[in-house]
Amino acid sequence: MWAKQRQSGFTIVELLIVIVVIGILAAITIVAYGGFQQRASNTQTLTSLSAWIKGMKLYKTDIGHWPSGFGYVCLGEGYKYGVTGEDTSGTAQCRLSGVSGFTEKPAFVTALKPYMGNNLPTPAFITTRNTDTEWRRGLSYYYGGGNGTVVYIDAALSGTMSSCPLVDGITASQATWNGNTVCGYVIGATTDT
């Protein structure tokens, strides 16, 4: 009689179980990676924000007032233009509010560099987009308020947050646009002495 031969190998059920387990592990890894990437981008922006605040406070202590006369300023270097952040020219690099665009300002950089340790911290270039004419990217510095006496820095952060992080003891207003967050930090007033 013929002896029954046992074939070695895996059954289709065993292979399917292995494929399902690998798929679950891959999905968990992808989700975790996205969270790490988002936290890393936000940490880069918040670290840059903290460094800029400290540099501006040193400037204010030395000069007697907050940096002024530069218009609307992007903090950091390497911004591109437009809502997508891919254009090489335009009216806005880090913020567009209606028709007013914020750009990098060489004179501002020259004035602040000595107070920044000759190092310009650059945020992650996350874009918070409300509309094509209302968006923020990275860090933007400006005077605002009813008569322009409040000194602000807006930070664009990745993901939705229930509140903005405290930076150097400063709280911020918060808005969420298209799944990302913009935090408006009041760093001082022109009347500060």
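Figures for the structure shown
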item: Range in the chain, longest, excluding exposed GluC sites (Glu not before Pro) [loop by DSSP; at most 14 other beta-carbon atoms within 10 Å]; result: 87-193
item: Relative packing of peptides 108-115, 16-23 - highest average C-beta neighbours within 10 Å first; result: 108-115, 16-23
item: Cα gyration tensor, segment 131-193 - rounded (a/c under 1.5), prolate or oblate; result: oblate
item: Computed over segment 73-156, Cα set: Rg, Dmax in Å; result: 12.7, 37
item: Cβ-Cβ FRET estimate between THR171 and ALA40, R0 fixed at 30 Å, reported to 0.05; result: 0.80
item: Neighbour net charge for TYR152 - beta-carbon separation under 13 angstrom, K R +1, D E -1; result: +1
item: Local net charge near LYS113, Cβ-Cβ under 14 Å (Lys/Arg +1, Asp/Glu -1); result: -1
item: Cα-derived Rg to Rh of the chain, Kirkwood definition; result: 1.29
item: Cα-based Lys proximity count in the chain, under 16 Å, for pairs eight or more positions apart or on separate chains; result: 5
item: Sequence-distant residues sharing a close amide H with ARG95 (under 5 Å, placed H); result: PHE102, ARG137
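Every number in this text was worked out from the coordinates using simple rules, so none of it is lab data. Just so it is clear, the model here is predicted, and its values are computed rather than measured. No Cβ is skipped: glycine too gets one built from the backbone with ideal geometry, and neighbour counts run over all protein chains shown.
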